[in-house]
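Scroll down for the structure; my scribbles are underneath it.
Readers should treat all values here as calculations from the given coordinates under stated rules, not as data from a laboratory. Note that the structure is a prediction, hence the values are computed from the model and not measured. Don't worry about glycine lacking a Cβ; one is built from the backbone with ideal geometry, like all the others, and counts go over all protein chains shown.
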Amino acid sequence: MSRPIIIGIAGGTGSGKSTVAQEIYSSLPEESIAVIEQDNYYKDQSHLSFEERTKTNYDHPDAFDTALLLEHLKKLSMGEAIDKPIYDFSNHTRKRKLLE
């Protein structure tokens with residue numbers, strides 16, 4: 001099995017990252033690509049009150065669980081499955097159920 005290529009798309013809020021990712025995704029065979037949205041890797045904040053969670057600066061790098069994202073990218077690059085978190089933007093924390 002050849003090692004997969006990982007493409008990271010960076011940019012500010014509303015800069016078109018998702019649009020670029022969708023264009024790449026739609027131009028390749030579905031079975032050969034996976035999309036991992038960094039937004040799903042915002043840190044779990046269930047230990048904070050809702051009011052405290054709304055004050056989070058989601059544009060700051062510390063808002064992300066980067067260690068978990070890197071762990072998942074490494075696993076995927078080795079052909080292993082992950083339990084991808086789902087971020088609930090209405091409650092400003094992760095959902096309990098994960099994507100597989």
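Summarising the amide proton neighbourhood of ARG94: residues at separation of 5 or more, or on other chains, whose placed amide H is nearer than 5 Å comprise GLN45, SER46, ASP88.
Take every Cα pair under 8 Å whose residues are at least 6 apart in sequence, average their separation, divide by the length of the chain, and the relative contact order is 27 percent.
In plain terms, the residue of ILE6, ILE36 with the fewest other Cβ atoms within 10 Å comes first and the most crowded comes last, giving ILE6, ILE36. Once the Cα atoms are used to define both axes, helix 66-77 deviates from the longest principal axis of the chain by about 20 degrees.
In a simple Cβ point-charge model (Lys, Arg +1; Asp, Glu -1; nothing else charged), the chain has a dipole of about 120 debye relative to its Cα centre. Relative to the dominant Cα principal axis of the chain, helix 17-26 is inclined by about 30°.
Which label marks the calculated value of Cα extents along the principal axes in Å, given the options [x] 33, 31, 25; [y] 46, 29, 20; [z] 42, 30, 23? Looking at Cα extents along the principal axes in Å for this model, the match is [y]. Maximal additional length on extending the LEU48-GLU31 stretch stands at 2.2 nm, based on 0.36 nm per residue less the C-alpha distance. With a Förster radius of 30 Å applied to the beta-carbon distance between MET78 and THR56, the computed FRET efficiency rounds to 0.40. Helical content alone sets the calculated 222 nm signal of the chain at -7000 deg cm²/dmol, taking -39,500 (n - 2.57) per DSSP H segment of four or more residues and averaging over every residue. Highest mean packing comes first when the peptides 20-33, 65-78 are listed by Cβ atoms within 10 Å, giving 65-78, 20-33. Each residue of segment 49-56 is assigned a 3J(HN,Hα), and the resulting list reads 5, 4, 4, 5, 5, 5, 8, 5 Hz, derived from the Karplus form 6.51 cos²θ - 1.76 cosθ + 1.60 (θ = phi - 60°), x at Gly and Pro. For TYR42, the amide hydrogen comes within under 5 Å of the amide hydrogens of ASP65, counting only partners 5 or more places away or on other chains and with H modelled in the peptide plane. Only lysines eight or more places from LYS17 in sequence, or on another chain, were considered; those with a Cα closer than 25 Å are LYS43, LYS55, LYS74, LYS75, LYS84, LYS95.
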